[in-house]
Amino acid sequence: MKIIFYGLVSIFLFGCDNVPKINLFSIEQDKEFGKKVSEQIESEGQYKFLDSIQYKEVYSYIYHIRDEILNSGNVKHKDDFEWQIRIIDDDSTLNAFCAPGGYIYIFTGILKFLDSEDQLAGIMGHEMAHADLRHSTRQMTEMFGIQLLLELIAGDSQSVREITAGLIGLTFSRSHEKEADANSVKYLCPTKYNAAGGAGFFEKLIQKGDSNNPPVFLSTHPDPGNRVEKFKQAKEENGCIGNETFASEYKRIISKLP
């Protein structure tokens with residue numbers, strides 16, 4: 001009977017194309033797992049974080065960008081998640097990521113690589129979209145399956161640890177990356193920003209000749225040229241009229257980084 005149950009649920013969840021149709025995780029579990037991931041990252045000592053007091057102006061500036069995105073009216077889980085920001089002191093890494101529950105991590109490497117506030121807003125919108133669309137736990141449903149989730153519900157601590165480890169090392173699918181790009185434009189569209197700000201990052205990669213070697217967090221969709229066009233196309237299709245870049249203020253703030 002148990003085998004039949006699992007088989008029926010698997011068909012319902014994944015369908016014929018093996019793409020998860022629903023998310024077995026609740027919003028509360030997204031928040032719980034995100035908190036566990038955040039605690040694990042903090043305790044491991046793998047990253048050096050910029051102190052939020054010493055670099056108060058930088059943090060305030062990035063939180064302001066976050067608030068512009070959250071107040072767009074298009075972030076579904078605006079009031080459900082933490083949307084906490086941590087800056088990782090690592091100039092060699094062009095990266096940013098957002099754990100479930102809205103725990104946002106940004107490397108100084110990508111902050112110094114970008115040229116303007118709208119570009120950072122575009123990248124932040126992309127990463128926040130992964131959390132808002134619950135991509136991590138949607139992929140957890142596919143990766144770990146019904147049995148492990150049932151063990152988790154029953155309180156199996158080993159299952160919790162396995163899922164936490166999986167969340168930290170998760171690589172998103174191409175469809176999820178495209179969805180996050182589209183939502184980045186959607187989030188920025190009602191704001192004063194150039195809604196296609198995320199395209200600026202890829203344009204810089206192309207200019208520097210790095211289009212065939214994108215950062216790890218973009219490796220599932222390695223065609224920057226295509227993504228530039230998609231960002232701009234989405235801006236036009238959504239009728240976004242904001243076009244501010246705030247480049248001078250961005251450079252002033254970034255100059256305060258170590």
Reported set for segment 100-122 where residues are farther than 23 Å from residue 48 by Cβ, assigned to a loop (DSSP other than H, G, I, E, B) and in contact with a Leu (Cβ under 9 Å, 6 or more places away or on another chain) is 100
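Yes or no, residue by residue, for (1) outside any helix (DSSP H, G or I); (2) in contact with a strand residue (DSSP E or B) (Cβ under 9 Å, 6 or more places away or on another chain):
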site	(1), (2)
57	no, no
60	no, no
65	no, yes
72	yes, no
82	yes, yes
98	yes, yes
128	no, yes
139	no, no
Quick one: would you say residue 225 is more than 19 Å from residue 100 (Cβ to Cβ), at pLDDT below 80 and in a loop (DSSP other than H, G, I, E, B)? no
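Every residue, every condition in (1) more than 24 Å from residue 60 (Cβ to Cβ); (2) of a type in the set (Phe, Trp, Tyr); (3) surrounded by 15 or more Cβ atoms within 10 Å (Cβ to Cβ), yes or no:
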{"position": "226", "(1), (2), (3)": "yes, no, no"}
{"position": "229", "(1), (2), (3)": "yes, no, no"}
{"position": "235", "(1), (2), (3)": "yes, no, yes"}
{"position": "238", "(1), (2), (3)": "yes, no, yes"}
{"position": "242", "(1), (2), (3)": "no, no, yes"}
{"position": "245", "(1), (2), (3)": "no, no, yes"}
{"position": "251", "(1), (2), (3)": "no, no, no"}
{"position": "257", "(1), (2), (3)": "no, no, no"}
Segment 28-55 - residue that is basic (Lys, Arg) and closer than 22 Å to residue 125 by Cα and, of those, surrounded by the fewest Cβ atoms within 10 Å (Cβ to Cβ): 35
So if I check each of 10, 38, which one is modelled with pLDDT under 95, hydroxyl-bearing (Ser, Thr, Tyr) and touching a strand residue (DSSP E or B) at 6+ places or on another chain (Cβ under 7 Å)? 38
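The values are calculated or read from the model by the stated rules, or taken from the named source; none is laboratory data. What you are looking at is a predicted structure, and each value in this text was computed from that prediction instead of being measured. In this analysis, Cβ positions are derived from the backbone assuming ideal geometry, glycine residues included, and neighbour counts consider all displayed protein chains.
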